[in-house]
């Protein structure tokens with residue numbers, strides 16, 4: 001029983017992180033397909049670099065997500 005109580009907080013944190021990541025992906029999905037389609041298959045870092053490169057053209061929602069994550 002004690003092991004279950006220890007594991008539950010970690011599962012909740014993982015779920016919260018996953019949900020937050022999903023919000024960021026949703027906010028930037030259109031910007032990625034519009035400005036960064038060519039690098040979509042090159043990994044997250046390539047997409048992030050591309051979004052930063054096109055910062056002035058991004059939607060307010062995507063720009064906000066990047067700012068909130070220190071980008």
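The values are calculated or read from the model by the stated rules, or taken from the named source; none is laboratory data. Every value quoted in this text rests on a predicted model; they were computed, and no experiment measured them. Cβ sites come from the backbone with ideal geometry, for glycine too, and all protein chains shown count toward neighbours.
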**Message:** Of the conditions (1) surrounded by 10 or more Cβ atoms within 10 Å (Cβ to Cβ); (2) at pLDDT 85 or above, residue 17 satisfies every one except a single condition; which number is it?
**Reply:** (2)
**Request:** Kindly list the number of the only condition in (1) modelled with pLDDT of 90 or more; (2) surrounded by 14 or more Cβ atoms within 10 Å (Cβ to Cβ) that fails for residue 27.
**Result:** (1)
